[in-house]
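Okay, structure first, notes after.
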Amino acid sequence: MAIRRGPLAPPESATDVFEVVARAGTSTDTTVSTGFPVDLVISKGRNPSIGLGENWGVFDRLRGLNFLKTNSNDEELGAPAYEVGISGFDNNTAMPLDAQDDDYGFINKSGYNYSTSFWKRAPNFCDVVAYTGNGTAGRTVSHNLGVAPEMMWVKNRSVSANWAVYAAPLGATKYLILSSNGRTFAYDGYWNDTTPTSSVFSLKTDALVNASGNTYIAYLFASLDGISKV
């Protein structure tokens, strides 16, 4: 199911929608000041020799206390089986972190140094869309980016599967794999040879983007003068 919300105004300052923080983990409950309600978190331990610090942990408001790894094809995992490092998404200007002390070490494990980026969904900048695949070629998914996305990351949450990446300069017949160092591939099984628009993106039938009954998350990005550049 795609979750939509009403249109908002494009941001006028990058600090209204994006913050990157370098900090040391504490393994204690704490908060990180962001200045805005957070919708997307991407975090990396900077000393990978400790535990599983080589992983990039990804969280978003739509999926709650579940994580994905941009460097891995693993399916979605999360609480209560794992200490995921965040306490939840609220509407405040500080992101709550929990007392993380397991080997994933994405955000707040003592002994790690972190680089963590915090994102707010906003028109012309960034959007997050959750949907369920239907296995039908030509299927469209609605979004609220307000412009045609210049880049999309799509992940099958149900099974182990690579991240499919759409990049506007490559067109809708090619793709990249976020979780791989592989080259660009020519294939229309993802984007149905259809350029995304300001309101929808199109899918074909490949399991990475549209297997019937599988759940997916899509991160959409665009360039906005003075704010972001894809």
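The values are calculated or read from the model by the stated rules, or taken from the named source; none is laboratory data. All values reported here derive from a predicted model rather than from experimental measurement. Virtual Cβ from ideal backbone geometry, glycine too; neighbours counted across all protein chains shown. What goes into the accessible areas is simple: the full protein's heavy atoms, side chains included, and nothing from ligands, DNA or RNA. Shrake-Rupley method; radii C 1.70, N 1.55, O 1.52, S 1.80 Å.
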>> Anything in the stretch 106-137 that is assigned to a loop (DSSP other than H, G, I, E, B), closer than 23 Å to PRO37 by Cα and touching a Phe, Trp or Tyr at 6+ places or on another chain (Cβ under 8 Å)? List them, or say none.
In response: PHE106, ILE107, ASN108, LYS120, PHE125
>> Here are the criteria: (1) closer than 26 Å to VAL41 by Cβ; (2) assigned to a loop (DSSP other than H, G, I, E, B). Tell me which single one THR194 does not satisfy.
In response: (1)
> If you check PRO149 against the conditions, is it loosely packed, with under 15 Cβ neighbours inside 10 Å, in contact with an Asp or Glu (Cβ under 9 Å, 6 or more places away or on another chain), at pLDDT 95 or above and not in a strand (DSSP E or B)?
Replying inline: no
> Could you count how many residues in the stretch 23-61 are open to solvent by 30 Å² or more (accessible area, probe 1.4 Å) and modelled with pLDDT of 95 or more?
Replying inline: 2
> When residues of the stretch 188-230 are filtered for being open to solvent by 50 Å² or more (accessible area, probe 1.4 Å), of a type outside the set (Gly, Ala, Ser) and out of contact with any strand residue (DSSP E or B) (no Cβ under 6 Å at 6 or more places or on another chain), how many remain?
Replying inline: 8
> Is it true that SER160 is over 17 Å from TYR219 (Cα atoms) and in a loop (DSSP other than H, G, I, E, B)?
Replying inline: yes
